[in-house]
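The numbers here are math on the coordinates, done by the rules we state, and not lab data. Bear in mind that the values here come from a model prediction, so they are computed numbers and not experimental data. Note that each Cβ is placed from the backbone with ideal geometry, even for glycine, and that neighbours are counted across all protein chains shown.
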Amino acid sequence: MDITTKFTIASEEGLKNFFFLRNARMSGMYEEDVEEYKLNEYRKKQQDHKEAVNELNNLTTQMVTVFVKNAAAGYFLLKHSAPPEPLKGKKVTFLESFYILPEYDKDEVRQALWNKCTSITRAYDALWTEMLQEDPFLPYLQNQGFTIHAPAKMKPFDKASYILIRKTDS
C-alpha cells in the first residue's frame with residue numbers, strides 16, 4: 001500500500017484536505033445524534049477560511065495528513081491547550097484530533113499516522129486528548145498507551161467523552 005504522511009500547511013491544497021477531513025470527522029461524530037440544523041451551523045463555523053489559515057499557521061499547531069495513493073486519508077492535529085490537572089507544570093501537547101476515513105482505516109494507515117505523531121511528540125512529557133466515548137479510535141489509542149483520566153462532556157454538543165493521557169517515554 002502506498003502510504004505517506006506530510007505536514008499540512010495553510011496552502012490551497014492543505015486547506016482543502018483539512019476541511020474535507022474535518023468535515024468527515026464531524027459527520028462521523030455527530031450526524032446520528034445532533035439535529036441537522038445545529039450540525040450545519042457548527043460545520044459552517046468550522047469551515048471559516050480565515051480561521052483555518054490562522055489555526056494552521058499558528059506555531060503551536062501541527063497538522064499531519066496521511067495519504068494513501070496520493071488521496072487524503074486521515075490526519076492528526078496537535079495544539080497547545082491548557083492540560084488536565086495532573087499534567088500542570090509538565091511539557092505537554094493536546095491531540096485535538098486523530099482521524100482516518102473509514103474506507104482507509106487499515107492497520108498500516110493507522111500505524112503510519114501514529115508513528116508520525118509519536119515522532120513529533122517525543123520531546124513532550126505527555127500527550128492528552130478528549131474523545132467521544134464511542135469514538136472508534138478509542139481502543140486503538142488505549143493500545144498505544146493512553147489511559148482514561150476522567151469522563152467529560154465534549155463541546156459544542158455536550159456528548160459523553162473521556163479525557164485521556166499518554167505519558168511519553170522521554
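Can you find, within region 29-45, the residue that is nearest to residue 68 (Cα to Cα) among those that are assigned to a helix (DSSP H, G or I) and touching a Leu at 6+ places or on another chain (Cβ under 9 Å)?
So the residue we want is 29.
Condition (residue is of a type in the set (Lys, Arg), surrounded by 11 or more Cβ atoms within 10 Å (Cβ to Cβ) and either touching a His at 6+ places or on another chain (Cβ under 7 Å) or in contact (Cβ under 8 Å) with a residue 24 or more places away in the chain (or both)) applied to region 41-56: is it met by at least one residue?
no
Pairs please, first residue from region 142-166 and within 12 Å of residue 129 (Cα to Cα), second anywhere and part of a loop (DSSP other than H, G, I, E, B) and aromatic (Phe, Trp, Tyr), Cβ atoms under 6 Å, 6+ apart in sequence or on different chains.
164/146; 166/146
Output the number of the condition that residue 88 fails; it satisfies all remaining conditions of (1) exposed (fewer than 13 other Cβ atoms within 10 Å of the Cβ); (2) touching a residue at least 40 places away in the same chain (Cβ under 8 Å); (3) more than 21 Å from residue 12 (Cβ to Cβ); (4) not aliphatic (A, V, I, L, M).
Among (1) exposed (fewer than 13 other Cβ atoms within 10 Å of the Cβ); (2) touching a residue at least 40 places away in the same chain (Cβ under 8 Å); (3) more than 21 Å from residue 12 (Cβ to Cβ); (4) not aliphatic (A, V, I, L, M), the lone unmet condition for residue 88 is (2).
Restrict the check to region 117-125 and report whether at least one residue is buried (at least 20 other Cβ atoms within 10 Å of the Cβ), hydroxyl-bearing (Ser, Thr, Tyr) and either out of contact with any strand residue (DSSP E or B) (no Cβ under 7 Å at 6 or more places or on another chain) or closer than 14 Å to residue 162 by Cα (or both).
No, every residue in region 117-125 fails to be buried (at least 20 other Cβ atoms within 10 Å of the Cβ), hydroxyl-bearing (Ser, Thr, Tyr) and either out of contact with any strand residue (DSSP E or B) (no Cβ under 7 Å at 6 or more places or on another chain) or closer than 14 Å to residue 162 by Cα (or both).
When only residues in region 1-29 that are in contact (Cβ under 8 Å) with a residue 40 or more places away in the chain, over 23 Å from residue 80 (Cα atoms) and over 15 Å from the mean Cα position of the chain (by Cα) count, which is surrounded by the fewest Cβ atoms within 10 Å (Cβ to Cβ)?
2
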